[in-house]
Amino acid sequence: MTTLSGSEILGIRLRHLLELLDGGVAAVYADLGPPGFRPRFTPVVRVLAASGPSSIRELARAIGVTHSAASQTVAQMVKDGLAVREPGEDARERIIRLTLEAERLLPALETEWAATTAAAAALEAELSYPLSRLIDEVLTALDRRPMHRRISDAVARLGS
């Protein structure tokens with residue numbers, strides 16, 4: 001039986017790490033009581049709570065995700081009654097704002113966010129190198145040279 005090394009299963013290990021982190025946060029949301037609130041809603045809610053109604057493009061830029069990812073998250077929030085879409089100045093643009101239900105959740109969410117920040121800092125203190133710093137470095141490296149390019153270059157080298 002072949003045993004795969006860490007670099008060979010990097011994506012699997014990263015997904016598992018994300019499942020552990022998101023699962024812990026989701027469990028806290030369940031404990032605090034916002035029914036159906038998902039960790040992926042957090043950045044959108046935080047931006048809207050701090051900045052007020054925003055377009056999908058503004059949200060995506062503020063939270064550092066693609067337009068598509070922000071749009072999908074907002075669509076689920078609208079479905080769950082946490083956000084509404086309103087027409088923008090441009091007929092193609094939609095402005096997103098929090099519903100009263102979402103605004104009522106803000107005090108409990110603020111408590112959770114502060115606790116999550118403290119827990120993340122404590123986790124990083126246990127590590128030999130801060131995970132947040134490593135993630136920043138990985139994202140910067142992938143901005144310089146995307147994974148697709150790296151794999152294509154490796155295929156060309158291996159095929160030669």
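What single numbered condition from (1) in contact (Cβ under 8 Å) with a residue 12 or more places away in the chain; (2) assigned by TED's automatic domain parsing to the domain that holds ARG92 fails to hold for ALA26?
Every listed condition holds for ALA26 apart from (2).
Please determine whether any residue of the stretch 72-88 is over 20 Å from ARG40 (Cα atoms), in contact (Cβ under 8 Å) with a residue 12 or more places away in the chain and either surrounded by 10 or more Cβ atoms within 10 Å (Cβ to Cβ) or not assigned by TED's automatic domain parsing to the domain that holds PRO35 (or both).
yes
For the stretch 39-83, name all the residues that are of a type in the set (Ser, Thr, Tyr) and under 19 Å from TYR29 (Cβ atoms).
Passing the criteria: THR42, THR73.
Which residue out of GLU110, GLU124 is farther than 25 Å from SER54 by Cβ, of a type outside the set (Gly, Ala, Ser), free of Cβ contacts under 8 Å to residues at least 12 places away in the same chain and not in a loop (DSSP other than H, G, I, E, B)?
Answer to the check: GLU124.
Among the residues of the stretch 78-135 satisfying the criterion of being polar (S, T, N, Q) and modelled with pLDDT under 95, which is farthest from PRO35 (Cα to Cα)? Break it down stepwise before answering.
Taking the stretch 78-135 and keeping what is polar (S, T, N, Q), we get 99, 111, 116-117, 128, 132.
Those left that are additionally modelled with pLDDT under 95: 111, 116-117, 132.
Working: THR111: 16, THR116: 18, THR117: 22, SER132: 29 Å.
For the stretch 78-135, the residue satisfying everything is SER132.
Of the residues that make up the stretch 20-43, is at least one touching a His at 6+ places or on another chain (Cβ under 6 Å), closer than 24 Å to ILE135 by Cα and part of a helix (DSSP H, G or I)?
Taking the stretch 20-43 and keeping what is touching a His at 6+ places or on another chain (Cβ under 6 Å), we get none.
Looking for residues that are touching a His at 6+ places or on another chain (Cβ under 6 Å), closer than 24 Å to ILE135 by Cα and part of a helix (DSSP H, G or I), one finds none in the stretch 20-43, hence no.
Filter the stretch 1-29 for residues that are surrounded by 10 or more Cβ atoms within 10 Å (Cβ to Cβ) and β-branched (Val, Ile, Thr); which is farthest from ALA114 (Cα to Cα)?
Checking each candidate, the answer is ILE9.
Quick one: how many residues across the stretch 89-104 are surrounded by 14 or more Cβ atoms within 10 Å (Cβ to Cβ), in contact with a Leu (Cβ under 8 Å, 6 or more places away or on another chain) and of a type outside the set (Lys, Arg)?
4
The values are calculated or read from the model by the stated rules, or taken from the named source; none is laboratory data. Quantities reported herein were computed from a predicted structural model and do not represent experimental measurements. With ideal geometry, Cβ positions are generated from the backbone for all residues, glycine too; neighbour counts draw on all protein chains shown.
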